[in-house]
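What follows is a short report on a single structure.
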Amino acid sequence: MININNSGVTLPSGVSFKKYFFEHWQLYLMMTLPLAVLLVFAYGSMYGVILAFKNYKVSLGIWRSPWADNHGLNNFIRFFRNYNFKQCFANTLVLSIYSMAVSIPCSVLLALSLNYAKNKIFKKTVQMVTYCPYFISTIVFVGIINRVMDNRVGVIGSFLYSHFGINVLGNADLFPSLYVWSGVWQCVGFNTIIFIAALAGVDTEQHEAAIIDGATLLQRIRYVDLPAIIPTIVIMMILNIGSLLNLGYEKILAMQNQNNLAASEIITTYSYKVSLVSTFPDYPYSTAIGLFQSIVGLCLILAANKIANKISGNGFI
């Protein structure tokens, strides 16, 4: 028998939380360090969000600096009225949606293929080869892309340039595809692990019953495997939707050049440039941009979760 005390902790029947705490104090002690890191770096740093509503003066500090005009919303208004806003917002959406639409299906397809591979050595080899690029650092990975796609010495880039006149690295129209498909190459093996784990939980009796009924391999995948991993797919999509505007800037910034800037300038790279690269750093403006991304991401997560619950009941909450 178990009961739930006033703190919401599930305890064995007849055991108080105080007694349970002292009997298992080692477990709570192990939680102190990660909890401290979470409080300091995740919640303590939220104090800096005030910058978004301030006219920051270094000599006065964050708290003593005067509030920005327009009831503290001047930095947000500046961003929305900026000529770069529409371009950065559109580029961010294009890259995020394109990446999500490609990466999840590719990961599911690879997981299903490996799940039905009969040769264990082949299966492990493919899984290792597809998983290894994930450990390559972003700068090294972009360096590989630049060498391969270079129109003078690159294996692929020189071929495309000499035969079709296409400069892959300098073509803004090709930047989204270059970014997304290189990301698939780097991360598809890592994402596949999640779906392979979900497929491992599929009841073998369902497959046996399907085989007895004469189901083909594709029918087993459609009617047995896919319904079993749909909750995992939905959760992955909700997570990706939540980070729709918070696209990582490291890889994009490293791939940027003057020729592809029209397609590669996103919100995070713009925020980085106005805060850290600019001759006159504008920290309140950059903080307002980051806060805008976080608020939109939270709203998107809640909306996607609600929609997923109504459609399939597979949301987080």
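Using label points projected 7 Å from each Cα along Cα→Cβ, tell me how many nm separate residue 156 and residue 43, to one decimal.
4.6
Quote the convex hull volume per residue of segment 49-172, based on C-alpha atoms, as a whole number of Å³.
Looking at segment 49-172, the number lands at 229 Å³ per residue.
Could you pull the accessible area for residue 121 with a 1.4 Å probe, rounded to 10 Å²?
Rounded to the nearest 10, the figure is 130 Å².
Modelling each spin label as a point 7 Å along the Cα-to-Cβ direction, I'd like the residue 18/residue 298 distance in nm, to one decimal.
About 3.7 nm separates the two model spin labels.
Is the shape of segment 204-315 rounded, prolate or oblate, going by the alpha carbon gyration tensor and its root eigenvalues a ≥ b ≥ c, with a/c under 1.5 for rounded and a/b larger than b/c for prolate?
It is prolate, given that a/c is not under 1.5 and a/b is the larger ratio.
Which value, in Å² and to the nearest 10, is the accessible area of residue 237 when all protein chains are kept and the probe is 1.4 Å?
Per-residue accessible area (residue 237): approximately 80 Å².
Let me have the relative contact order for segment 110-241, percent, based on Cα pairs under 8 Å that are six or more residues apart.
25
Quick one: length gained pulling residue 200 to residue 119 fully straight, 0.36 nm per residue minus the C-alpha distance?
27.5 nm
Before anything else, pin down the relative contact order of the chain: Cα pairs under 8 Å, at least 6 apart, normalised by residue count, whole percent.
Value for the chain: 22 percent.
Could you sort 216, 279, 130 by accessible area so the largest value comes first, with the probe set to 1.4 Å?
The ranking, largest first, comes out as 279, 216, 130.
In what order, largest first, do 225, 213 sit by accessible area if the probe radius is 1.4 Å?
Final ranking, largest accessible area leading: 213, 225.
Restricting to DSSP loop positions (anything but H, G, I, E, B) with no more than 16 other Cβ atoms inside 10 Å of their own Cβ, which trypsin sites (Lys or Arg not before Pro) remain in segment 121-191?
Loop-located and lightly packed - 152.
Just grab the label-to-label distance for residue 36 and residue 211, each label 7 Å out from Cα along the Cβ direction, in nm (one decimal).
That separation, rounded to one decimal, is 5.5 nm.
For a 23 Å ceiling on Cα separation, which of these pairs sit above it: 123/251; 86/251; 54/251; 86/310; 57/273?
123/251; 54/251; 86/310
Write down the radius of gyration of the chain and its Dmax, each obtained from C-alpha positions, in Å.
Just the Cα atoms of the chain yield Rg and Dmax of 25.0, 79 Å.
Rounded if a/c is under 1.5, else prolate if a/b is larger than b/c, else oblate: which is segment 134-239, with a ≥ b ≥ c the root eigenvalues of its Cα gyration tensor?
prolate
Give me the percent of the accessible area of the chain that comes from carbon and sulfur atoms, probe 1.4 Å, all protein chains in place.
Within the chain, the accessible surface is 66 percent carbon and sulfur.
The values are calculated or read from the model by the stated rules, or taken from the named source; none is laboratory data. All of these numbers come straight from a predicted model, not from anything done at the bench. Note that each Cβ is placed from the backbone with ideal geometry, even for glycine, and that neighbours are counted across all protein chains shown. Only protein heavy atoms, including side chains, enter the accessible area calculation; ligands, DNA and RNA are left aside. Shrake-Rupley method; radii C 1.70, N 1.55, O 1.52, S 1.80 Å.
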